[in-house]
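Q: Structure below; questions to follow.
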Amino acid sequence: MKKIILTGDRPTGPLHLGHYVGSLQNRVKLQSEYNQYVLIADAQALTDYYENPEHVRKNVEQVALDYLAVGIDPKQSTIFIQSQVPELFELTFYFMNLVTVARLERNPTLKDEIRQKNMKDSIPAGFFTYPVSQAADILAFKADLVPVGEDQQPMIEQTNEIARRFHHLYKTEIFHDVKAMIGTTGRLTGIDGKAKMSKSLGNAIYLGDTPNELKKKVNAMYTDPNHLKVEDPGTVEGHVPFTFLDVFDPNKTEVEALKEHYRRGGLGDGVLKKRILEILEAEIAPMRQRREQYAKDMGYVKEILRSGTEAARNVAAQTLSDVKKAMGIVY
Ligand code: TRP
């Protein structure tokens with residue numbers, strides 16, 4: 001029996017290189033070894049975008065295209081739409097009893113988001129409880145592994161706590177212990193050098209960027225502001241092309257040599273930008289090609305989502321039935 005992966009993303013915008021090195025790469029790598037479910041978390045996105053459901057709706061197919069573009073293979077992985085699996089929300093309601101408000105308030109990811117979005121005293125209850133819904137996503141598939149970016153780690157911990165509490169209270173072991181799997185780079189820097197690449201910060205390189213967009217973004221990468229003339233010695237720390245070379249350039253010895261040269265002086269930023277542009281273009285070009293193929297046949301993409309959702313629904317319904325049995329709510 002293959003072990004199970006459940007993971008996903010909120011469809012609030014196109015996916016970027018941060019998603020790629022944080023988790024998409026792992027999903028592509030592991031899909032043959034695991035039974036993999038990938039959810040497009042539109043309902044979770046709505047806990048934040050409820051005033052603009054159209055925005056979420058629009059992005060569902062775009063995220064599906066991103067998945068297919070990076071090489072998530074619909075023959076090996078089940079891609080589905082969260083809102084179309086109502087069993088998840090039924091599970092959420094029962095799991096809600098197994099978490100305290102105080103515990104949710106301590107969830108670091110949630111705390112960060114509440115601060116960032118300036119929600120203060122007007123936190124929607126739906127948003128506040130989305131970690132429980134996320135636990136339901138994971139537990140509905142009895143997942144063993146969740147490939148995600150670093151910021152999602154607290155969600156996995158919370159999921160395990162809910163599962164343990166369920167087992168303890170209802171004396172039935174239904175769920176597996178879940179592990180997060182963080183990619184080669186849990187948190188990729190933005191092109192402006194800020195700690196995190198994100199759509200809302202406007203510092204992202206998207207997997208669907210054209211060669212021209214990519215080039216512009218690489219040229220705009222933050223470097224050492226004190227490195228004015230090529231001969232000047234430069235600082236490597238916080239230098240975005242170097243940060244990206246560390247992540248994407250397979251030739252680490254050459255990267256180290258370049259760093260030494262840059263520190264010494266005599267190495268221009270243009271050389272480094274050219275190098276990282278070539279590497280990123282080689283990474284993104286096949287994605288662009290695959291995206292174009294699929295985008296030509298959106299009927300097929302919709303069919304992938306429809307059949308994936310149907311398969312996912314069957315699994316979630318079985319788990320819901322196990323949960324109700326364990327709780328004795330069968331009439
Ligand atoms: N919270 C994830 C994000 O922000 C999306 C998500 C929803 C998810 N349910 C999940 C991720 C379950 C992993 C497992 O993109």
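The values are calculated or read from the model by the stated rules, or taken from the named source; none is laboratory data. On a predicted model such as this, the values are computed, not experimentally measured, just so you know. FYI the Cβ positions are ideal-geometry reconstructions off the backbone, even for glycines, and counts take in every protein chain you see. In case anyone asks, the SASA skips ligands and DNA or RNA and just uses the protein heavy atoms, side chains included. Shrake-Rupley method; radii C 1.70, N 1.55, O 1.52, S 1.80 Å.
Q: Condition test on K171, is it within 22 Å of A282 (Cα to Cα) and exposed (fewer than 14 other Cβ atoms within 10 Å of the Cβ)?
A: Here the answer is no, as K171 does not meet what is asked.
Q: When A102 is evaluated against the numbered criteria (1) surrounded by 17 or more Cβ atoms within 10 Å (Cβ to Cβ); (2) farther than 20 Å from T172 by Cβ; (3) modelled with pLDDT of 95 or more, which criterion, by number, is the only one it fails?
A: (1)
Q: Then there's this: Would you call P74 in contact (Cβ under 8 Å) with a residue 40 or more places away in the chain and open to solvent by less than 40 Å² (accessible area, probe 1.4 Å)?
A: So P74 fits the description; yes.
Q: If you check K171, K142, which single one turns out to be touching a His at 6+ places or on another chain (Cβ under 8 Å) and modelled with pLDDT of 95 or more?
A: K142 is the lone residue from the list that is touching a His at 6+ places or on another chain (Cβ under 8 Å) and modelled with pLDDT of 95 or more.
Q: Looking only at segment 303-331, count how many residues are assigned to a helix (DSSP H, G or I) and open to solvent by less than 70 Å² (accessible area, probe 1.4 Å).
A: Number satisfying all stated conditions: 18.
Q: For segment 1-12, what are the residues that are of a type outside the set (S, T, Y), open to solvent by 10 Å² or more (accessible area, probe 1.4 Å) and under 20 Å from M197 (Cα atoms)?
A: The answer is G8, D9, R10.
Q: For segment 33-72, which positions are under 28 Å from K3 (Cα atoms) and among the hydroxyl-bearing types (S, T, Y)?
A: Hits for segment 33-72 are Y34, Y37, Y67.
Q: Could I ask something else about it? Listed residues I138, I156, I162, I191; which is in contact (Cβ under 8 Å) with a residue 40 or more places away in the chain and closer than 24 Å to L30 by Cα?
A: When all the criteria are applied, what remains is I138.
Q: Also, quick follow-up: Does segment 126-143 hold any residues that are among the charged types (D, E, K, R) and open to solvent by less than 30 Å² (accessible area, probe 1.4 Å), and which are they?
A: Within segment 126-143, D137 is the sole residue that qualifies.
Q: Go through segment 221-302 and tell me which helices (runs of 4 or more DSSP H), entirely inside it, have 3 or more residues that are under 27 Å from the mean Cα position of the chain (by Cα) and on the phi < 0 side of the Ramachandran plot.
A: Once the helices (runs of 4 or more DSSP H) in segment 221-302 are filtered for at least 3 residues that are under 27 Å from the mean Cα position of the chain (by Cα) and on the phi < 0 side of the Ramachandran plot, what remains is 240-248, 269-295.
Q: Go through segment 145-159 and count every residue that is open to solvent by less than 30 Å² (accessible area, probe 1.4 Å) and either modelled with pLDDT under 95 or under 16 Å from I182 (Cβ atoms) (or both).
A: Final tally of qualifying residues: 9.
Q: Just one of F80, F166, F128 is more than 13 Å from the ligand (Cβ to nearest atom), modelled with pLDDT of 95 or more and under 27 Å from E54 (Cα atoms); which is it?
A: So the residue among F80, F166, F128 that is more than 13 Å from the ligand (Cβ to nearest atom), modelled with pLDDT of 95 or more and under 27 Å from E54 (Cα atoms) is F128.
Q: Shifting gears a bit: Report, by residue number, each residue of segment 179-210 that is open to solvent by 70 Å² or more (accessible area, probe 1.4 Å) and either assigned to a helix (DSSP H, G or I) or at pLDDT 95 or above (or both).
A: K179 - this is the single residue of segment 179-210 that is open to solvent by 70 Å² or more (accessible area, probe 1.4 Å) and either assigned to a helix (DSSP H, G or I) or at pLDDT 95 or above (or both).
Q: Is one or more of the residues making up segment 59-66 among the acidic types (D, E), crowded, with 17+ Cβ neighbours inside 10 Å and within 11 Å of the ligand (Cβ to nearest atom)?
A: Within segment 59-66 (the criterion being among the acidic types (D, E), crowded, with 17+ Cβ neighbours inside 10 Å and within 11 Å of the ligand (Cβ to nearest atom)), the answer is no, since none of the residues qualifies.
Q: Only one of these is under 15 Å from the mean Cα position of the chain (by Cα), under 18 Å from A312 (Cβ atoms) and crowded, with 17+ Cβ neighbours inside 10 Å: L24, L39, L15. Name it.
A: Only one candidate qualifies: L39.
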